[in-house]
1. Whether any residue in region 33-54 is of a type outside the set (Phe, Trp, Tyr), within 28 Å of LYS209 (Cβ to Cβ) and surrounded by fewer than 18 Cβ atoms within 10 Å (Cβ to Cβ) is what I want to check.
2. Kindly provide the set of residues from region 286-317 that are acidic (Asp, Glu) and buried (at least 18 other Cβ atoms within 10 Å of the Cβ), ordered by number.
3. How many residues, within region 420-468, are surrounded by 14 or more Cβ atoms within 10 Å (Cβ to Cβ), modelled with pLDDT under 95 and of a type in the set (S, T, N, Q)?
4. Looking at region 140-176 only, could you name the residues that are part of a helix (DSSP H, G or I) and under 17 Å from SER204 (Cβ atoms)?
5. Got a number for residues in region 315-326 being in contact with a Lys or Arg (Cβ under 7 Å, 6 or more places away or on another chain), of a type outside the set (D, E, K, R) and at negative phi?
6. Since GLN275 meets every condition but one in (1) assigned to a helix (DSSP H, G or I); (2) surrounded by 14 or more Cβ atoms within 10 Å (Cβ to Cβ); (3) not acidic (Asp, Glu), which condition does it not meet?
7. Determine which member of the set GLY285, GLY319, GLY328 is modelled with pLDDT of 95 or more, assigned to a loop (DSSP other than H, G, I, E, B), among the small types (Gly, Ala, Ser) and closer than 20 Å to ILE258 by Cα.
8. Any chance region 8-23 includes a residue that's within 32 Å of the chain's Cα centre (by Cα), of a type in the set (D, E, K, R) and in a helix (DSSP H, G or I)?
Amino acid sequence: MNLILATDAYKLTHHLQYPQNINKLYSYGEARVGGKYPTVSWFGMSMILHDYFQTKITTEMIDEAEKVSEETFGTKDYFNRSVWEKVRDLGYFPVKVKALPEGLEVPTGTALFTIESTEDWFATSLNALEVMLMHVWYPTTIATNSLYIKKRLLPLVEKTGTVDMLPLMVNDFGLRGATSLESGERGGAAHLLHFRGSDNLAASNYFAKVYGKEGRALSIWATEHSVATSYGSGQGEFDYLNAQLDRTPDDAPLSIVIDSYDTFNFVRHVVGSKQMVERIKNREGRVVLRPDSGDPITMDLAVLDILAEIFGTEVNDKGYKVLKHNVGLIQGDGMKANTIIKLYEALIERGWSTDNLVVGSGGGLLQEGFTRDTERFAIKAAYAHTIEGADLDIKKQPKTDPTKTSKAGLLKVIVDGSGQLQTVPQHKEGTDLLQTVYENGVNTPVSADDILKRAAEPLKEKNSLGRENG
């Protein structure tokens, strides 16, 4: 990608618009107050730095950008070729980026990161990099969605089931439905901050590349409709299920799609046949059945009732029913934040433990309804310095929308006396949590284990069993 062009066109004109005596510019990014959630799960800055900030500007990029700029504006005069040639000669962007540690749960309205120019001549071109940095909105928004799903699930699991199962209860099925493979990688990696179940191989590999943590995603042997229907209906449905049981170790978990023809017939007469019941009972590995059509609540409750007739149930120490013989369900259709919770609540209302079900979520996990405005992400200039030595605090304060008021001056983020994160001027007392993550071409290494530990903190506080939920 030509990173000079990875920006909004009008930003290529801004170097001609600022006061000519500015020799340093400083901006910050935040999720403004008023988004979907009151906090965000901060994650993804390392992705942006990994994917973009290690790319060197070349003469070919400059030539191409100059051509596109002329085509866009009808003149060459707006393109600042000399600045980009200096960036090329340096071999890096002359900027410093500071950010909060990834994995933190951060109240909206808190500065998440800052960026400042480190060379006088780049000051008025600094915010051309805003668009690249802004794309941290996506992994943070996806991580936030997954965190809040997990927060809502935790009390249901504590009440009725096994907390240790929580990291595998919401599985990423979203790669095929993401806007791009790159989005699927980033969004899937963000989900892995809070859950481990995932069929998103691209995200698992990307998590390892960016954060150095291999094997974060976990999945199992699972069939799809092309497999089920290739055996045909009738006797073919028996052959289909037998083949899966034959070809996997007895201790391997299996997921079997069951609605290719008739869900209830398959459960009652194929799974429920004497031969299959004995085979499944004698396996150590779990067998989960996947209804993939119809109303999720209606279908899952009906299938659970049939499975209860076939395999029996037992009541766990919390007073809720669990299917015997390591049998369960996976619901992979129609799942997003609210429908996931409603499904589990419906099961609990009927006396079922959460242990009987896991879900897979696709578009509802990585795509549907998520935009930059979901958490109101913005980057704004806050400070400038002049060649005469003046410090300029910069602030946006629109009367027509006070929620868009920006912060002024050099900033830091501290923990206040009540233990809350606060954005304050740099001269205020308190340790700054904003840490340098990039400076003049050098990325600061991060620890995936530390990030995952921070991400688990909001749930550990609410977990009466004292276990980590990541």
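1. yes
2. Let us first name the residues in region 286-317 that are acidic (Asp, Glu), namely 292, 295, 300, 305, 309, 314, 317.
ASP292, ASP300 - these are the residues of region 286-317 that are acidic (Asp, Glu) and buried (at least 18 other Cβ atoms within 10 Å of the Cβ).
3. Residues flagged as surrounded by 14 or more Cβ atoms within 10 Å (Cβ to Cβ), modelled with pLDDT under 95 and of a type in the set (S, T, N, Q) within region 420-468 amount to 1.
4. Of everything in region 140-176, those that are part of a helix (DSSP H, G or I) and under 17 Å from SER204 (Cβ atoms) turn out to be ILE142, ALA143, SER146, PRO167, LEU168, LEU175, ARG176.
5. Going through region 315-326, the residues in contact with a Lys or Arg (Cβ under 7 Å, 6 or more places away or on another chain) turn out to be 315, 318, 325-326.
Cutting the leftovers down to of a type outside the set (D, E, K, R) gives us 315, 325-326.
So of that shortlist, the ones also at negative phi come out as 315.
Going through region 315-326 one residue at a time, the tally reaches 1.
6. (2)
7. Numbers: GLY319 fails: closer than 20 Å to ILE258 by Cα; GLY328 fails: assigned to a loop (DSSP other than H, G, I, E, B).
The match here is GLY285.
8. yes
The values are calculated or read from the model by the stated rules, or taken from the named source; none is laboratory data. The structure displayed is predicted, hence computed values, not measured ones. Cβ: placed from backbone, ideal geometry, glycine included. Neighbour counts: every protein chain shown.
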